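FYI, it's all coordinate maths here, none of it is from the lab. Since we're looking at a predicted model, the values are computed, not measured. Using ideal geometry, Cβ is built from the backbone for each residue, glycine included, and neighbour counts are taken over all protein chains shown.
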Ligand SMILES: Cc1ncc(COP(=O)(O)O)c(C=O)c1O
């Protein structure tokens, strides 16, 4: 049996309707920003392998961190035990976060980092014996696929079967040019009740909703309202963290800082599964007690896996190299040029950019929907042209690893322009 046949026989893929799905692409090697299929055909990794990769694949510094750590400690329980790479990572992350964020909790991925943040927020008020049970999120949000994360996400076709099991959430409209005053008024109304524990949001860019962008000024105003009424703010930096917005974190663009922040994806350069939830000292202190039940009774088998922590530290080494920052800046400039080129096309709408992410919507005449048929046509066209780019419905976006060269970036933009001209004709 071929690999594809064995895949069909044994594997259940994410977000896949197996009855109608075609063959999966068989990738056998990845190096730099290039993926190689079984026939040796090359593809540029235009969306950084689900938005995770930041320095290119098979980076030698990351590879060395993996092998060195494997030979030192591969894995060890993290309750009652600590190890050098977990402590190093926590210390370095706290050093890069805003001053109020002081304590690092380890988990396995973006969804679990969010679950941990929500549980911390709920238990914070519980421990203070002033329980607050309400949660506010933004329309269009995506925070992951575990139950808490789904509960605070956009309700709809992705999670309809589970909706009866979700906790109640109030949603604010997604900020656009003309609804901001109304959103702020609604936020004041919700938070003034002093019943809301937490506002959770994707700062500056909503990823899965179609790379929708809003300003740091708006985010600052929302955070200020939440804090005015003693509620907490969680920034979900799972996608925006580690350079995507042009600074290390989205919160670096903001004056008002969150109480809890969740990281994953680029945290390990996109190589190992790891999530971090960083909380303020004030939150941590609310868990200190003679009573054991006031502790945060949460953990995972692979909490603070030493190899993942070592990779995250190696990732931070690379972010401390001037060349990484220069590459990121170059990528931001190429994105701005590309955005200008797109603006002249008739079937392109809402061209937008935050840092290294450029996104736009294709005007298909049928409105915006994840299930737009343009998605399949675009995806196949890009594959034929040596680019792996997964549109979100009729939204196309480019967010490659920062190590991409000018020529490789042009290969992506040429394929996109070629596709847009082909559908315009
Ligand atoms: C903003 C955001 N939060 C959370 C998640 C969930 O992360 P994971 O897929 O690692 O569980 C994602 C994944 O795309 C995300 O984009």
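Note on 188, 92: ascending count of other Cβ atoms within 10 Å places them as 188, 92, the fewest first.
Among 124, 229, which comes first, second and so on when ranked by fewest other beta-carbon atoms within 10 Å?
Numbers: 124 25, 229 16.
Going from sparsest to densest Cβ surroundings: 229, 124.
Go through 84-91, 259-266, 199-206 and give me the packing order, highest mean Cβ count within 10 Å leading.
Details: 84-91: 18.2, 259-266: 27.5, 199-206: 26.0.
My ranking of the peptides, most packed first, is 259-266, 199-206, 84-91.
Computed from the C-beta positions of residue 167 and residue 284, the FRET efficiency with R₀ = 35 Å rounds to 0.90. Rounded to the nearest 0.05, the FRET efficiency derived from the C-beta distance between residue 346 and residue 405 at R0 = 35 Å is 0.70.
Ranked by Cβ crowding within 10 angstrom, fewest neighbours first, how are 235, 302 ordered?
Working: 235 29, 302 17.
By the 10 Å Cβ count, ascending: 302, 235.
Protection proxy ranking, highest mean first, for peptides 270-279, 96-105: 270-279, 96-105, where packing is the per-residue count of other beta-carbon atoms within 10 Å, averaged.
In the stretch 62-319, Cα pairs under 8 Å separated by at least six residues give a relative contact order of 30 percent. Is the shape of the stretch 62-319 best called rounded, prolate or oblate, per the rule: a/c under 1.5 gives rounded, else a/b larger than b/c gives prolate, else oblate, with a ≥ b ≥ c the square roots of the Cα gyration tensor eigenvalues? The shape class here is prolate. If both residues of a DSSP beta bridge must be in the stretch 62-319, then about 50% of such bridges are antiparallel.
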